[in-house]
1. If you stretched the chain out fully between Glu77 and Lys154, how much longer would it get, using 0.36 nm times the residue separation minus the C-alpha to C-alpha distance?
2. Order Cys36, Cys56, Cys64 by their accessible area, 1.4 angstrom probe, all chains in place, largest first.
3. Compare the peptides 69-76, 95-102, 2-9 by average per-residue count of other Cβ atoms within 10 angstrom and give them in order, highest first.
4. Could you state the accessible area per residue of the stretch 43-179 in Å², with a 1.4 Å probe and every protein chain left in place?
5. Compute the signed sum of charges (Lys and Arg +1, Asp and Glu -1) over the other residues within less than 9 Å, Cβ to Cβ, of Tyr179.
6. Would you mind counting up the charge near Ala7? Only other residues with Cβ under 13 Å from its Cβ, with Lys and Arg at +1 and Asp and Glu at -1.
7. Take Asn113 and Gln141, extend 7 Å from each Cα along the Cα→Cβ direction, and tell me the distance between the two endpoints in nm.
8. Find out how many positive minus negative residues lie around Pro153, taking Lys and Arg as positive, Asp and Glu as negative, among other residues whose Cβ is under 12 Å from that of Pro153.
Amino acid sequence: MPNYLLAGVGNYDEYVKLIQSIVEETNIDYYDFNLCKEEFFSNQSSLFKDTDHMNCYGAEIFSCLFADFINGKISVEELFYDSYSEKLKNLEPTVFGISYHDEKNENNELIRNCKIISTGNENLEYEIHVFPTEREPYKIQNFSKNRFFIITPKEHGTITITYQLSNFLERIWTVNITY
């Protein structure tokens, strides 16, 4: 699966533990290729046609990797992280986008609860600006570790998320998301 999907799901390690407990009872070898180290397979979205299928380029890379693994050219220890949280710690900090769900607030108004989907969540701070097409831009938050914010579903425009590693202000990235 692409990294943005794995990061967005959250608690992927819980899933891995569950599958491993089921597999242990069967004496079948189980390998989770979502835990591949980046130097072997990157899980970047450019290798996928959609959330469930690799494109031709991704499939070619994966097929060669799989053949090398099955033929013993790459060991389990070389190829896989022990957990997804370990993998996340080794990935370049990245904001993939936002996920959201709509609900009614206490005033019965429809609101959109948004969550920033990123790697390195515990080490990143986010500054969030909204540029609606039909009103003045506004800032939601200064740099903070908070990944949750609310907008109105009636608005459309661009959200700009500027992010940095905590206590490491020399590296700042920005991503624009159309909503």
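1. Answer, rounded to one decimal: 22.8 nm.
2. Most to least solvent-accessible, the answer reads Cys56, Cys64, Cys36.
3. Descending mean neighbour count gives 2-9, 95-102, 69-76.
4. Spelled out: the 1.4 Å probe surface of the stretch 43-179, per residue, equals 61 Å².
5. 0
6. Neighbour charge sum, excluding Ala7 itself: +1.
7. 1.4
8. Result for the local shell: -1.
The values are calculated or read from the model by the stated rules, or taken from the named source; none is laboratory data. Remember, it's a predicted structure, so these values are computed and weren't measured experimentally. Quick reminder, even Gly has a Cβ in these numbers, built from the backbone with ideal geometry, and neighbours come from all protein chains shown. Heavy atoms of the whole protein, side chains included, go into the accessibility calculation; ligands, DNA and RNA do not. Shrake-Rupley method; radii C 1.70, N 1.55, O 1.52, S 1.80 Å.
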